[in-house]
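First the structure, in the form of structure tokens, and then the observations on it.
The values are calculated or read from the model by the stated rules, or taken from the named source; none is laboratory data. Only a predicted model underlies this, so the values are computations on that prediction, with no experimental measurement involved. Positions of Cβ are generated from backbone atoms using ideal geometry, with glycine treated the same way; all protein chains shown enter the neighbour counts. To get the accessible areas, we keep the full protein, side chains included, count just its heavy atoms, and leave off ligands, DNA and RNA. Shrake-Rupley method; radii C 1.70, N 1.55, O 1.52, S 1.80 Å.
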Amino acid sequence: MRVYVPLTLPGLAEAYKAGQLGTGALVAYAVTPALREWYLSDDIEELEYAALNRAALASLRLLAADAAAPRRRVVVAVDVPDGTASADPDRGLDPAALGEVRLAGPVPLAKAAAVHVDADDAEADVTAAAGALAAADAGDDDAQFVVDGAEDHELLWFATQEIPGLVGLGT
């Protein structure tokens with residue numbers, strides 16, 4: 001099963017140094033029954049793209065909570081055994097939890113299939129979106145428009161071997 005773990009660049013650096021994602025239970029995003037119902041598609045690639053976008057929004061939330069982190073969303077795509085990720089049945093109908101799953105413990109970074117990161121030119125929009133997130137959550141339509149502006153930027157795909165360069169640990 002493919003899951004998408006939201007991070008920041010400092011979080012990715014920590015994962016790289018530790019060789020694993022997280023130190024305990026992890027929140028990730030995947031193709032869940034609720035996501036399938038919401039997205040109304042049977043195309044697995046479209047559904048995985050929707051799960052990736054849900055993780056990108058969660059990464060934006062991490063950025064809003066960490067003013068020191070570079071303003072680039074980060075999502076790590078990880079392959080885990082089926083049954084490892086579980087959706088919270090109590091949050092199944094919560095629009096904020098669409099695609100959300102929990103992993104019981106850390107995941108070796110070696111299980112990562114790819115890393116998705118914003119390009120440099122997305123930083124201004126991501127910065128604005130992180131700043132507008134609280135107002136958007138409160139129902140402000142103008143703020144939601146700003147948050148949606150970050151989604152206009154496609155996350156770039158990077159091989160896991162490129163992580164040191166992404167986090168400034170490479171040459």
Considering only the range 120-128, I want to know if a residue exists there that is more than 21 Å from Y39 (Cβ to Cβ), in contact with a helix residue (DSSP H, G or I) (Cβ under 9 Å, 6 or more places away or on another chain) and free of Cβ contacts under 8 Å to residues at least 24 places away in the same chain.
yes
In the range 130-171, what count of residues is obtained for those that are touching a residue at least 60 places away in the same chain (Cβ under 8 Å) and closer than 20 Å to V76 by Cβ?
10
Cβ-Cβ under 8 Å, sequence separation 6+ or interchain: first residue in the range 77-94 and open to solvent by 60 Å² or more (accessible area, probe 1.4 Å) and at pLDDT below 85, partner of a type in the set (A, V, I, L, M, F, W, C) and outside any loop (DSSP other than H, G, I, E, B). Which pairs?
R91/A97; L93/A34
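Which of the residues that make up the range 36-51 are in a helix (DSSP H, G or I) and among the hydrophobic types (A, V, I, L, M, F, W, C)? So that I can check it myself, show each step before the final result.
Just the residues of the range 36-51 that are in a helix (DSSP H, G or I), to begin with: 36-39, 44-51.
Those that are in a helix (DSSP H, G or I) and among the hydrophobic types (A, V, I, L, M, F, W, C): W38, I44, L47, A50, A51.
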Among residues of the range 95-111, those that are surrounded by 14 or more Cβ atoms within 10 Å (Cβ to Cβ) and of a type in the set (A, V, I, L, M), counted:
6
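Quick one: how many residues across the range 15-35 are surrounded by fewer than 16 Cβ atoms within 10 Å (Cβ to Cβ) and part of a helix (DSSP H, G or I)? So that I can check it myself, show each step before the final result.
Start the filter on the range 15-35 by keeping residues that are surrounded by fewer than 16 Cβ atoms within 10 Å (Cβ to Cβ), which leaves 17-19, 23-25, 33.
Checking which are part of a helix (DSSP H, G or I) leaves us with 17-18, 33.
Qualifying residue count, the range 15-35: 3.
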Output the residue which, of all residues in the range 36-51 that are under 15 Å from the mean Cα position of the chain (by Cα) and open to solvent by 20 Å² or more (accessible area, probe 1.4 Å), is nearest to L156 (Cα to Cα).
Y49
Please go through the range 1-14 and give me each residue that is under 12 Å from the mean Cα position of the chain (by Cα) and open to solvent by 10 Å² or more (accessible area, probe 1.4 Å), ordered by number.
Y4, P6, L7, T8, L9, G11
Here is a check on your reading of the model: is G131 surrounded by 14 or more Cβ atoms within 10 Å (Cβ to Cβ), more than 22 Å from G19 (Cβ to Cβ), modelled with pLDDT of 95 or more and out of contact with any His (no Cβ under 9 Å at 6 or more places or on another chain)?
yes
